[in-house]
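Reviewing the structure listed below.
The values are calculated or read from the model by the stated rules, or taken from the named source; none is laboratory data. Source: prediction; values computed, not measured. Cβ atoms come from the backbone with ideal geometry, glycine included; neighbour counts cover every protein chain shown.
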Number of protein chains: 2
Amino acid sequence: MKRSQEATVEGTGRRAGLDRADVVLAALRLVETEGADALTMRNLAGRLEVTTTTIYWHVGGRDELITELIRYQSEIQAARPIEGETPHERVVSLARHIWESARENRAITSLAHQNGATSLLERPLEIALVHELQVAGVTGAAAAEAHRAILATVGGLLIQALRDESIIPANRRSEALWADTDPELGLDAATIDALAQPADLDALFESTINAVVAHILAKPEPVKRRSRPAAAKAAGPAKNKTKRARKSTTKRTTKSNG
Amino acid sequence: MKRSQEATVEGTGRRAGLDRADVVLAALRLVETEGADALTMRNLAGRLEVTTTTIYWHVGGRDELITELIRYQSEIQAARPIEGETPHERVVSLARHIWESARENRAITSLAHQNGATSLLERPLEIALVHELQVAGVTGAAAAEAHRAILATVGGLLIQALRDESIIPANRRSEALWADTDPELGLDAATIDALAQPADLDALFESTINAVVAHILAKPEPVKRRSRPAAAKAAGPAKNKTKRARKSTTKRTTKSNG
DNA sequence: GTGTTACTTGCACACTGTTACAGACGGACT
DNA sequence: AGTCCGTCTGTAACAGTGTGCAAGTAACAC
């Protein structure tokens, strides 16, 4: 928070000294400290000691705020070195980056997920993943399929992980359901017991992602190629409104591709 | 909708002829026809031509309503025959059941997902899956791991599928992001193009789930066995589980079977 | 001075889930 | 017959949510 000076006290004419970036940053802090559900316009405004209208003036709306917040966070998460020598190792390493950064930033991940911005949050890492697949010799439709398979696997485990911190009534949580299973069903007691225990998701991640990546890299490239004359969309008009042409000095360091 | 008779016209004393099941069923229809977000108490009340208070009286609250709705739907979805001869085929068949029933009932799946009731919705199929794994010789901790890996894979693909019908702003959708990718990044054009196209999720499902199941069934049972004396919980008192205990003054009729 | 731009506020609207309270109907009991 | 009570149903409200309109003032340009 910079906020040039606390300036005047109150009234419509006072200068709060707020910046668009200030609002986004405050929102980020708010989500990190109090969780995704705490990000309400009034809550954020109160934290900045202004009214909601001021927030709206600066960022334009909740959706825009979230988009910018996620985009900002996505650049932070991109800064992880890819480890490993073989293509398999490096691809798994990247998947692990997605996994770990999501787990380390549960609240923001949760926020992104609730608002359909997961792709946006993972975007830099997704780009790096495509690049790594390309280096491994996987391109075109096969690369798209591989990419999606990996993301689906990570994402699936992720929702299990996020469920744990979410405030879900006990009678809906998976472990509770298994602990309550009717013994008449003839299911193995040890299995039920294992299912009623909290899962070791990190181990599950390693095991599953390795299987999926191995499957992907082993698969020969599909021969049938859809002849499709490439993006006509990229030249289209830039959406509708964006008020402020997204300043930011982004310029990612592209540490993972070249 | 049975509603004994349209009965009296209006006023506090009129009989709307509503049943707890009627409300749940109406909610189900509402979700199916207008989507998960349309399930609001006022909306549902309006559809039944009563006020929200009546809904509350019958079902107790939104959470309870959803729980019952999901539980009802879960039993419908359970009615699918398992196909295949080999364990692999049968496990994949079950996973496909989860996948297909979720895709065929997007709105309810979406509702369950938003409210953390996914486990509840898939419960009968999950039980069948555990059973099938057991028949295949996978039990205990290995079964739990296998079970979770399969569910994560299906779930991950599912959120991709649900994203498509969700009303997500265009600039956050994955395909749009890829269509907008900076060509300077040095990524293969054919790959980007493939990623900008809508995915064939059914094919992706088949491919990925087969790999995961193959990996699971091939894995030898872990030798290192955590010395855990097994189910002490299975016999214990079933949590505190209130389910029906909470209600201020009036005691509801507990009409739902036993 | 006057005018314009950049912010900030107050207030309102339409929603959401939920509840306290008060009715009215129907049957049981006296 | 009168009374009581449990079973519904409605009215109105509360505290929240995102969002937009009109007005206000400070800072700056002239």
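Among A:A142, A:A176, which is the only one that is modelled with pLDDT under 95 and among the aliphatic types (A, V, I, L, M)?
A:A176 is the lone residue from the list that is modelled with pLDDT under 95 and among the aliphatic types (A, V, I, L, M).
In the range B:158-176, which residue that is farther than 21 Å from A:A149 by Cα and facing chain A (nearest Cβ under 7 Å) is surrounded by the most Cβ atoms within 10 Å (Cβ to Cβ)?
For the range B:158-176, the residue satisfying everything is B:I168.
Is it true that some residue in the range A:97-106 is among the aliphatic types (A, V, I, L, M), away from DNA strand C (no atom under 16 Å from the Cβ), touching a helix residue (DSSP H, G or I) at 6+ places or on another chain (Cβ under 7 Å) and in a helix (DSSP H, G or I)?
Yes, the conditions are met somewhere in the range A:97-106.
Could you say which residue among A:T51, A:T86 is outside the structural domain of A:H131 (by TED's automatic domain parsing) and either farther than 30 Å from A:A211 by Cα or exposed (fewer than 15 other Cβ atoms within 10 Å of the Cβ) (or both)?
A:T51
Run down B:I70, B:I66 and say which single residue is in a helix (DSSP H, G or I), closer than 29 Å to B:T12 by Cα and under 21 Å from the mean Cα position of the chain (by Cα).
Only one candidate qualifies: B:I66.
Does any residue in the range A:46-70 that is without any contact (Cβ under 8 Å) to a residue 60 or more places away in the chain come within less than 6 Å, Cβ to Cβ, of a residue that is more than 9 Å from DNA strand D (Cβ to nearest atom) and not aliphatic (A, V, I, L, M) six or more places away or on a different chain, and which pairs are these?
Between residues of the range A:46-70 that are without any contact (Cβ under 8 Å) to a residue 60 or more places away in the chain and residues that are more than 9 Å from DNA strand D (Cβ to nearest atom) and not aliphatic (A, V, I, L, M), the close pairs are A:H58/A:R20; A:I66/A:N115.
What are the residues in the range A:28-45 that are surrounded by fewer than 17 Cβ atoms within 10 Å (Cβ to Cβ) and within 9 Å of DNA strand D (Cβ to nearest atom), if any?
Listed by number, the residues that qualify are A:D37, A:A38, A:T40, A:R42, A:N43.
Restrict the check to the range A:10-22 and report whether at least one residue is touching a residue at least 24 places away in the same chain (Cβ under 8 Å), loosely packed, with under 14 Cβ neighbours inside 10 Å and either near DNA strand C (Cβ under 8 Å from one of its atoms) or within 18 Å of A:A107 (Cβ to Cβ) (or both).
No, the range A:10-22 has no match at all.
How many of the residues in the range B:177-186 are facing chain A (nearest Cβ under 7 Å) and over 16 Å from A:R148 (Cα atoms)?
Of the residues in that region, 3 qualify.
Please state which one of B:L28, B:L44, B:L48, B:L69 is modelled with pLDDT of 95 or more and either within 12 Å of DNA strand C (Cβ to nearest atom) or touching a Cys at 6+ places or on another chain (Cβ under 8 Å) (or both).
Every option except B:L44 fails the conditions.
List pairs: first residue in the range A:120-143 and farther than 18 Å from A:I82 by Cα, second residue among the charged types (D, E, K, R) anywhere in the structure, Cβ distance under 6 angstrom, at least six positions apart or on different chains.
So the pair list comes out as A:L120/B:R172; A:T139/B:D188; A:A142/A:E221.
With respect to B:S93, determine if the residue is under 20 Å from B:H215 (Cα atoms), surrounded by fewer than 22 Cβ atoms within 10 Å (Cβ to Cβ) and at pLDDT 95 or above.
The answer is yes for B:S93.
Quick one: what pairs do we get from the range A:196-214, first residue more than 19 Å from B:L217 (Cβ to Cβ), second part of a helix (DSSP H, G or I) and among the polar types (S, T, N, Q), C-beta under 8 Å, 6+ apart or different chains?
Qualifying pairs under 8 Å: A:A199/A:Q160; A:L201/A:Q160.
How many residues, within the range B:104-128, are of a type outside the set (S, T, N, Q), within 20 Å of A:I159 (Cβ to Cβ) and away from chain A (no Cβ under 14 Å)?
Qualifying residue count for the region: 3.
Return yes when A:T33 is in a helix (DSSP H, G or I) and near DNA strand C (Cβ under 10 Å from one of its atoms) and no when it is not.
Taking the combined requirement at face value, the residue does not satisfy it.
Does the range B:129-146 hold any residues that are part of a helix (DSSP H, G or I) and facing chain A (nearest Cβ under 10 Å), and which are they?
Answer for the range B:129-146, where residues must be part of a helix (DSSP H, G or I) and facing chain A (nearest Cβ under 10 Å): B:V130, B:H131, B:L133, B:Q134, B:G140, B:A141, B:A142, B:A143, B:A144, B:E145, B:A146.
Would a scan of the range B:74-83 turn up a residue that is over 17 Å from the mean Cα position of the chain (by Cα), within 13 Å of chain A (Cβ to nearest Cβ) and more than 28 Å from A:N210 (Cα to Cα)?
No; the residues of the range B:74-83 include none that is over 17 Å from the mean Cα position of the chain (by Cα), within 13 Å of chain A (Cβ to nearest Cβ) and more than 28 Å from A:N210 (Cα to Cα).
Could you check, for the range A:16-26, whether at least one of its residues is over 20 Å from the mean Cα position of the chain (by Cα), outside any helix (DSSP H, G or I), within 13 Å of DNA strand D (Cβ to nearest atom) and within 14 Å of another protein chain (Cβ to nearest Cβ)?
no
Quick check on this structure: which one of A:A179, A:A128, A:A142 is small (G, A, S) and crowded, with 21+ Cβ neighbours inside 10 Å?
Residue meeting the stated conditions: A:A128.
Run down A:A203, A:A230 and say which single residue is loosely packed, with under 13 Cβ neighbours inside 10 Å and at pLDDT 90 or above. Before you say what the answer is, go through the steps one by one.
Numbers: A:A230 fails: at pLDDT 90 or above.
Result: A:A203 is the single residue among A:A203, A:A230 that is loosely packed, with under 13 Cβ neighbours inside 10 Å and at pLDDT 90 or above.
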